[in-house]
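Presented below is the structure to which this report refers.
The values are calculated or read from the model by the stated rules, or taken from the named source; none is laboratory data. Keep in mind that what you see is a predicted model, and the values were worked out from it rather than measured. Positions of Cβ are generated from backbone atoms using ideal geometry, with glycine treated the same way; all protein chains shown enter the neighbour counts. In case anyone asks, the SASA skips ligands and DNA or RNA and just uses the protein heavy atoms, side chains included. Shrake-Rupley method; radii C 1.70, N 1.55, O 1.52, S 1.80 Å.
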Amino acid sequence: MENKFYITTPIYYVNDKPHIGHAYTNIVADLLARWREQQGEDILYLTGTDEFAQKTVDAAKKNNEEVHEYTDRMASIWQSTWEKLKLSNSDFIRTTEERHIATVKDFWGRVDAAGDIYKGKYEGLYCKGHEAFMKEDELTPDGLCPDHKTKPEWISEENYFFKLSAYQDKLLDFYNDHPDFVAPANRFHEVKSFVERGLEDISISRENRPWGIPVPNDPHHVVYVWFDALINYISAVGMERWEEHPADIHVMAKDITRFHAVIWPAMLMSAGLPLPGQILAHGFFTINGTKISKSLGNAIDPLEIANKYGNDALRYFLLREIPFGEDGDFSEEKMKERYNGDLANGLGNFAARVLTLAEKEEFVMENGEWRMENEFQEQIDKMKKTVYAKVNQFRFHEALAAVWEAIAFGDKYVNENKLWAIADEKERRRKLFSAVTLLDNLAATLLPFMPETSRKITASIQWEGKRLKAKKPEILFPRIR
Ligand code: MSP
């Protein structure tokens with residue numbers, strides 16, 4: 001248990017349901033979890049919901065629901081979305097769970113004991129959309145939050161503060177010693193220059209709020225939602241396990257890297273706990289070129305896309321279309337194009353052709369050996385090597401491109417050599433056997449990317465001692481008009 005590879009996603013606010021951007025994060029985490037599993041590791045993959053935001057209360061009110069009822073209902077929507085997408089998360093944490101509340105109190109106590117919490121007065125502008133304080137120079141000329149287009153609330157209240165400023169040098173030293181702490185590198189650069197500019201202490205409580213985790217020994221205050229939320233990564237595994245083996249990778253988008261790469265490590269240093277291995281940040285999605293926003297109502301439900309095209313096709317599109325780390329755009333038109341092109345005509349067609357031809361053949365080992373065409377072996381080796389290197393660099397789109405190069409090679413080979421028309425039985429079998437072996441290797445390589453498809457292909461290729469039996473699979477990707 002202690003040595004399981006531990007990967008997390010952000011915990012999501014429950015004032016809305018999941019959209020394609022959230023699905024992307026969880027699919028990337030799922031890919032990495034399955035990838036590490038394929039390398040022989042045991043996996044702990046955590047996702048969940050962040051329920052103590054002030055906007056949760058507003059959303060519940062708007063729906064005429066008790067806040068508890070509302071959060072229960074919304075959390076189950078998030079949970080069932082990941083189930084329906086067949087993601088492999090091994091746990092789902094809700095911040096309203098007792099295991100989390102207890103851990104937050106414990107954590108607060110440690111930071112307090114370290115002398116890093118003090119009481120002070122906070123005056124400033126608070127944006128509920130961000131659940132964060134904002135500076136005036138961050139607002140638009142007419143005083144609105146540029147992302148949420150709403151007027152931040154002026155807040156003047158007594159707050160507890162965390163001495164973030166005391167951690168500037170320690171953070172910079174840590175970054176120096178851990179050159180891969182934030183990936184991709186351009187994000188790390190942003191984080192470092194932010195810290196180099198100097199850090200201010202941050203408010204970590206809110207006064208007289210009805211919703212939140214009470215501050216230990218001061219029930220007039222609740223813990224600020226971000227301070228509570230980050231601790232979820234410990235709550236899920238327990239303090240002891242975290243001390244032995246903290247998260248290996250926290251996956252998220254660039255919007256919340258600062259919380260994870262600056263505040264979170266400082267909190268952990270203060271509490272005397274080990275730091276996570278890596279903060280992995282991807283870009284932001286637009287839909288048909290426009291920002292995804294509740295007010296525009298343009299959010300795309302990942303389940304709708306998955307129902308129409310299949311879970312694996314959604315995974316394929318997101319991982320193939322968008323270079324990891326960069327901003328990307330989702331449009332159904334592009335999705336359909338890749339589906340019909342790369343999947344129906346590409347992988348699906350190649351698998352169907354090879355297996356239909358192979359079904360009619362007898363493949364038997366000769367003198368203890370399977371005879372392969374060299375070209376195929378070379379393709380397989382090249383594909384595997386490239387995929388291994390690219391996934392380790394988080395260049396998933398290039399990993400997939402390498403697999404599709406191997407498919408293109410196979411297709412071309414089948415055509416040019418007219419595998420269906422070779423009269424010499426031995427030669428025909430050797431060539432077809434090579435093609436089936438390529439397909440088998442494609443399927444194994446695709447397992448973390450497209451688990452259902454991979455299993456369907458593998459199930460059609462059965463190695464039985466000295467024999468190989470192939471059978472035509474169901475149509476993998478029916479064409480969509
Ligand atoms: N609750 C906080 C996170 C706390 S983690 C300790 C939060 N929640 S959120 O619901 O706003 O989710 C933010 C995350 O959702 C992003 O970091 C990203 O993973 C995902 N995305 C939300 N919109 C997205 C896009 N438009 N594009 C890509 N990812 C998006 O912040």
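Between the listed residues 465, 277, 224, the Cα displaced farthest toward the positive end of the dipole of the chain, a dipole computed from Cβ unit charges relative to the Cα centre, is found at 465.
First compute the accessible area of the chain with a 1.4 Å probe, then give the percent of it belonging to carbon and sulfur atoms. Please report the intermediate quantities before stating the final value.
Working: 10080 of 21520 Å².
Accessible surface attributable to carbon and sulfur in the chain totals 47 percent.
Quick check for you: which residues of the range 410-448 have the amide N under 13 Å from the point 7 Å beyond the Cα of residue 377 toward its beta carbon? Label zone hits: 434. Accessible surface of residue 365, taken over heavy atoms with a 1.4 Å probe and every protein chain present, rounds to 60 Å².
If you put +1 on each Lys and Arg Cβ and -1 on each Asp and Glu Cβ, how big is the dipole of the chain around its Cα centre, in Debye rounded to 20?
Working: 62 positive and 77 negative charges, 369 e Å.
Here the size comes out at about 1780 debye.
With all protein chains in place and ligands, DNA and RNA left out, the 1.4 Å accessible area ranks 295, 331 as 295, 331, largest first. Note on the range 18-61 and the range 203-272: Cα centroid distance 17 Å, given to the nearest whole angstrom.
Rounded to the nearest whole Å², what accessible area per residue is found for the range 4-305 with the 1.4 Å probe? Mind showing how you got there, number by number?
Numbers: 12760 Å² over 302 residues.
Ligands and nucleic acids excluded, the result is 42 Å² per residue.
Which value, in debye to the nearest 20, describes the size of the charge dipole of the range 332-470 about its Cα centre when Lys and Arg Cβ atoms bear +1, Asp and Glu Cβ atoms bear -1, and nothing else is charged? Walk me through the intermediate numbers first.
On the way: 23 positive and 23 negative charges, 38 e Å.
Computed about the Cα centre, the dipole is about 180 debye.
At full extension, residue 91 and residue 412 could sit 111.1 nm farther apart than now, given 0.36 nm per residue minus the alpha carbon distance.
Rounded to the nearest Hz, the phi-derived 3J(HN,Hα) couplings of the range 183-197 under the Karplus curve 6.51 cos²θ - 1.76 cosθ + 1.60 (θ = phi - 60°) are 10, x, 4, 5, 5, 5, 4, 4, 4, 4, 6, 4, 5, 4, 6, where x marks glycine and proline.
Proximity of backbone amide H atoms, modeled 1.01 Å from N, is registered between residue 284 and 327, 328 at under 5 Å, excluding neighbours fewer than 5 places apart on the same chain. The phi-based Karplus calculation (6.51 cos²θ - 1.76 cosθ + 1.60; θ = phi - 60°) puts the 3J(HN,Hα) values of the range 136-151 at 4, 6, 8, 8, 6, x, 8, x, 9, 5, x, 8, 9, 6, 10, 7 Hz, whole numbers, x for Gly and Pro. Subtracting the Cα-Cα distance of residue 63 and residue 76 from their residue separation scaled by 0.36 nm leaves 3.1 nm. Placing unit charges on the Cβ atoms only, positive for Lys and Arg and negative for Asp and Glu, gives the range 265-377 a dipole magnitude near 580 debye about its Cα centre.
Computed from backbone phi with θ = phi - 60° and the Karplus coefficients 6.51, -1.76 and 1.60, the 3J(HN,Hα) list for the range 373-388 is 6, 4, 4, 5, 4, 4, 4, 4, 4, 5, 4, 5, 5, 5, 4, 4 Hz; x is used for glycine and proline.
For the chain, what does the relative contact order come out to in percent, with C-alpha contacts under 8 Å and a separation of six or more? Provide the component values of the computation, followed by the final result.
Details: 723 pairs, mean separation 70.6, N = 481.
Relative contact order for the chain comes out at 15 percent.
Peptides 144-154, 239-249 ordered by packing proxy, namely the average of other Cβ atoms within 10 Å per residue, highest first: 239-249, 144-154. Measure nothing fancy, just the Cα-based angle from helix 168-177's long axis to the longest principal axis of the chain, in degrees from 0 to 90, nearest 10. That helix lies at roughly 20 degrees to the long axis. With both residues required to sit in the chain, DSSP beta bridges show an antiparallel share near 55%.
The convex hull around the C-alpha trace of the range 4-305, projected and averaged over every direction, spans 15.9 square nanometres.
How far is the Cα center of the range 432-473 from the Cα center of the range 296-373, in Å? When both Cα centres are located, 14 Å separates them.
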